[in-house]
Amino acid sequence: QLHLVESGGGLVQAGDSLRLSCVASGGTFSPAGVGWFRQAPGKEREFVAVITWTGGSAWYADAVKGRFSISRDTTKNTAYLQMNTLKPEDTAVYYCADKTYRGEYYDAQYYDYWGQGTQVTVSP
């Protein structure tokens, strides 16, 4: 069973940067890819970005496009989310998840393994 662990969250000021990591153990990520989602207090979990594990193609939510960058290191079984120019509205718990072969990349129900999340807090 795939086990995912996120790290790299923290408390930063608006305009700062953070890089989140997601390490997989007990297997490798699905070729369909690994995604990042986030959930702010009182809000539903929302899609942030996804990257295919083999080809490295990536897609982003409009809210983060141009500021966030997703990447992966297949030799380390690790995915990353580089977050630049952070805004207070980026405050949330960030989760990585393993994508199943079917379903839309932005839909959380098509991801089967999830990490425990890492908190990102951006102060004004």
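The values are calculated or read from the model by the stated rules, or taken from the named source; none is laboratory data. Everything quoted here is computed from the prediction, not taken from an experiment. No Cβ is skipped: glycine too gets one built from the backbone with ideal geometry, and neighbour counts run over all protein chains shown. Protein only, heavy atoms only, side chains kept; ligands, DNA and RNA dropped before computing areas. Shrake-Rupley method; radii C 1.70, N 1.55, O 1.52, S 1.80 Å.
Using the Karplus equation 6.51 cos²θ - 1.76 cosθ + 1.60 (θ = phi - 60°), what ³J(HN,Hα) coupling, rounded to whole Hz, does each residue of region 100-117 give in order, writing x for Gly and Pro?
Ordered by residue, 3J(HN,Hα) equals 7, 5, 9, x, 6, 5, 8, 9, 4, 5, 9, 10, 9, 10, 10, x, 7, x Hz.
With a 1.4 Å probe and all protein chains kept in place, how much accessible area does residue 22 have, in Å² rounded to the nearest 10?
About 0 Å², ignoring ligands and nucleic acids.
Spin-label point model (7 Å from Cα, Cβ direction): what's the residue 44 to residue 23 distance in nm?
3.4 nm
When only C-alpha pairs under 8 Å and at least 6 residues apart count, what is the relative contact order of the chain, in percent?
Here the relative contact order equals 35 percent.
How long is the gain from residue 85 to residue 14 if the chain were fully straight, where each residue apart is worth 0.36 nm and the alpha carbon distance is subtracted?
So the extension gain works out to 24.9 nm.
Ignoring ligands, DNA and RNA, what accessible area per residue does region 4-73 give at 1.4 Å, in Å²?
47 Å²
In whole Å, largest first, what are the principal axis extents of the Cα atoms in the chain?
Projected onto the principal axes, the Cα atoms of the chain cover 39, 27, 25 Å.
Output the relative contact order of region 58-124, whole-number percent, from Cα pairs under 8 angstrom with separation of 6+ residues.
29 percent
Be a star and scan region 31-52 for residues whose amide nitrogen sits under 20 Å from the point 7 Å along the Cα-to-Cβ vector of residue 102.
Correct set: 31-35.
Taking 0.36 nm per residue of separation and subtracting the Cα-Cα distance, what length does fully extending residue 75 through residue 112 add?
Length gained between residue 75 and residue 112: 11.1 nm.
Expected output is a single nm value to one decimal: the length gained when fully extending between residue 5 and residue 62, i.e. 0.36 nm times separation in residues minus the C-alpha distance. What is it?
Gain on extension, residue 5 to residue 62, equals 18.0 nm.
Got a number for carbon plus sulfur as a percent of the chain's accessible area, 1.4 Å probe?
Here it works out to 47 percent.
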